[in-house]
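A.B. asks: Can you read through this structure? Questions will come right after.
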Amino acid sequence: MSSSLSNRLSHIFSHLNSERLKIVVTRDLGPDVMTILYSESAKYEIVLWPGKNACDRKWLLDNVRDALALIVLVTDRIDAEVLDAAGSQLKVVSTMSVGYEHISVPDLAKRNIRLGYTPDVLTDAVADISIMLALMAGRLAKETTLFVSEGNWPTYSWAPFAFCGSQISATPSSPKRTAGFLGFGRIAQATLRRLLGFGFTHCVYTSNPFSKPSPERDSELLSSFGAPLHSLKRVSLDELASESDVLFVLTPGGDETKGLINEAFLKKMKKTAVLVNSSRGTVVDSDALAKALKEGWIWGAGLDVIAGEPNVAGDHALVREPRCVVLPHIGSATVQTRLDMATLAVQNALAALNDQDMPASVNVTL
C-alpha cells in the first residue's frame with residue numbers, strides 16, 4: 001500500500017472515530033473549564049455551540065447525532081426528540097445545574113442514559129443571597145434605593161420613623177427570633193447557620209411530606225448548631241406560617257410543591273414576617289403574594305425566583321410592589337460558584353464516559 005493511500009485511510013478512520021467519540025457542549029464554559037475538555041481532544045471531538053446566547057434547538061438536533069455525551073445548561077430542553085437524534089450510543093447527559101426539570105428523566109431511563117448534575121457547590125452562594133434578600137426586604141432596600149436614585153434625598157426631611165423597616169435580628173425588646181424553612185436540606189441548614197449571628201433562637205421547618213418525622217435527627221441537628229439556637233423542630237404548614245419571623249422557601253419544584261405558598265398560607269403569617277424564595281418560583285403563588293403585600297398581611301418579600309421567569313416584565317405585580325425585591329435568579333451567580341459548577345458538569349461527563357462513578361449523579365430509573 002502506498003504511503004499516500006495509507007495516510008488518506010488513516011485520516012478517514014481518524015475522522016470517523018472522532019465523529020463517534022463526540023461530546024456536545026451547549027455553551028462556552030470559560031477558558032479554565034474548556035481547557036479540561038480540550039485536553040481530551042485526542043480521544044474526543046468537542047462540538048461547542050458557538051453562540052453567546054442560549055443554544056439553538058436546530059443546531060442541537062443537527063449536532064447531537066452520534067454524541068457520547070451532552071453537557072447542557074438549564075436553558076436546554078433535553079427530551080425524546082433530542083435523545084432520538086443523538087442515537088443509541090449516547091451515554092450521559094450532564095447539566096450545569098442543581099435542578100433538572102429541563103431534562104426528561106423517564107426518557108433517559110428508557111435509554112439507560114446517565115444523568116449528572118451540580119449540587120453542593122452552590123450551597124454557600126444561595127445561602128448568602130437568601131440572607132441578603134431577607135435583609136433587603138426587611139429594611140426596605142428597594143424603596144430607599146429608589147428614593148436616592150430618583151433624586152429625592154436632597155428634599156427629604158428627616159423623621160423619627162421614616163424609612164423604618166422590620167429588623168430580622170434579635171433585639172432587647174424582641175429577643176426570640178424564629179427562622180422558618182420550607183425544605184430543610186443543605187442550603188436551608190447553611191442559611192440557618194448564617195442566621196445564628198443575627199441572634200435567631202428558634203427554627204421550624206416543613207420537609208418532604210413523604211419522609212417520616214425524626215425527633216432524633218432534629219435533636220442531633222440542634223446540637224450541631226449550638227448556641228444561641230434553643231429549639232429546632234419539624235412542624236405542619238400552618239405552624240410554619242404562623243411561627244416564622246423570616247420564612248425561607250428552599251424546596252424543590254414540581255407538582256408536589258406548586259403553589260404551596262398560597263393565599264391561605266400567607267394569611268396565617270405574621271404581619272411583621274418576611275418571605276424569601278431562593279428555590280423555585282412555582283412554589284409561591286405570585287398573585288396571592290402580591291395581594292398579601294398590598295394589603296399588609298406580611299411585611300415584605302425577597303425573591304430570587306418567580307413563576308414564569310424569565311418572562312417577568314416591569315409591569316408584573318410583584319416587580320411593581322414596593323416591598324418586594326425581585327432578582328433575576330442569581331443565587332449561584334458568583335464567579336467561584338459558577339466555575340465550580342461548570343467544572344463538576346465536565347467531570348461528571350468524563351467520568352461517565354470512562355465508566356466511572358460520577359462525582360454527582362441522579363438516580364435514573366423507570
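A.B. asks: My understanding is that a pair violates if its Cα-Cα distance is over 25 Å; which of Lys233/Lys267; Lys142/Lys271; Lys110/Lys258; Lys212/Lys271; Lys58/Lys258 do that in this structure?
C.D. replies: Lys110/Lys258; Lys212/Lys271; Lys58/Lys258
A.B. asks: Continuing with the same structure: Apply the Karplus parameterisation 6.51 cos²θ - 1.76 cosθ + 1.60, with θ equal to phi minus 60°, to every residue of segment 149-163 and state each ³J(HN,Hα) to the nearest whole Hz, in sequence, with x for glycine and proline.
C.D. replies: Going residue by residue, I get 5, 8, x, 8, 4, x, 9, 7, 10, 4, 9, x, 10, 6, 6 Hz, with x marking Gly and Pro.
A.B. asks: Sort 173-183, 298-308 by the packing proxy (mean of other Cβ within 10 Å over each peptide's residues), most packed first.
C.D. replies: Going from most to least packed, we get 298-308, 173-183.
A.B. asks: Same structure, new question: Using θ = phi - 60° and the Karplus relation 6.51 cos²θ - 1.76 cosθ + 1.60, list the HN-Hα couplings for segment 79-87 in order, rounded to whole Hz, with x at every Gly or Pro.
C.D. replies: My calculation for segment 79-87 gives 10, 4, 4, 5, 5, 5, 5, 5, x Hz in order.
A.B. asks: Rounded to the nearest 500, what is the 222 nm mean residue ellipticity of the chain from helices alone, with -39500 (n - 2.57) per DSSP H run of 4+ residues and division by all residues?
C.D. replies: Computed mean residue ellipticity for the chain: -11000 deg cm²/dmol.
A.B. asks: Near the amide H of His230, under 5 Å away, which other amide H atoms are found, from residues 5 or more places off or on another chain, if H is placed in the peptide plane?
C.D. replies: His202
A.B. asks: Of the listed peptides 162-169, 148-155, what is their order by residue-averaged count of other C-beta atoms within 10 Å, with the highest listed first?
C.D. replies: 162-169, 148-155
A.B. asks: Quick one: Karplus J couplings for segment 302-314, per residue in order, coefficients 6.51, -1.76, 1.60, θ = phi - 60°, nearest Hz, x for Gly and Pro?
C.D. replies: Using θ = phi - 60°, the values come out as x, 10, 9, 9, 7, 4, x, 4, x, 7, 10, 8, x Hz.
A.B. asks: I would also like to ask the following. Taking amide H positions as placed in the peptide plane 1.01 Å from N, state which residues far from Thr95 in sequence (5 or more) or on other chains have amide H under 5 Å from it.
C.D. replies: Under 5 Å from the amide H of Thr95: Val72, Gly116, Tyr117.
A.B. asks: Quick one: among Tyr117, Tyr44, Tyr205, which has the greatest mean-square fluctuation in a GNM of the chain with alpha-carbon springs under 10 angstrom?
C.D. replies: Of Tyr117, Tyr44, Tyr205, the Gaussian network model singles out Tyr44 as fluctuating most.
A.B. asks: What FRET efficiency comes out for the pair Asp32/Ala264, r = Cβ-Cβ distance, R0 = 35 Å, nearest 0.05? Write out the running numbers ahead of the final one.
C.D. replies: Numbers: r = 48 Å, r/R0 = 1.37.
Result of the calculation: an efficiency of 0.15.
A.B. asks: Determine the sum of side-chain charges near Tyr100: Lys and Arg each +1, Asp and Glu each -1, restricted to other residues whose C-beta is under 13 angstrom from that of Tyr100. Before the final figure, lay out the partial values.
C.D. replies: On the way: positive: Arg77, Arg114, Arg280; negative: Asp76, Asp79, Glu101, Asp107.
Net local charge, Tyr100 excluded: -1.
A.B. asks: Take every DSSP beta bridge with both residues inside the chain and express the antiparallel ones as a percent of the total, to the nearest 5.
C.D. replies: 5
Every number here is computed from the coordinates shown, using simple stated rules; none is lab data. As the structure is a prediction and not an experimental result, all values here were calculated from the model. Heads up, the Cβs are rebuilt from the backbone with ideal geometry, glycines too, and the neighbour counts pull from every protein chain shown.
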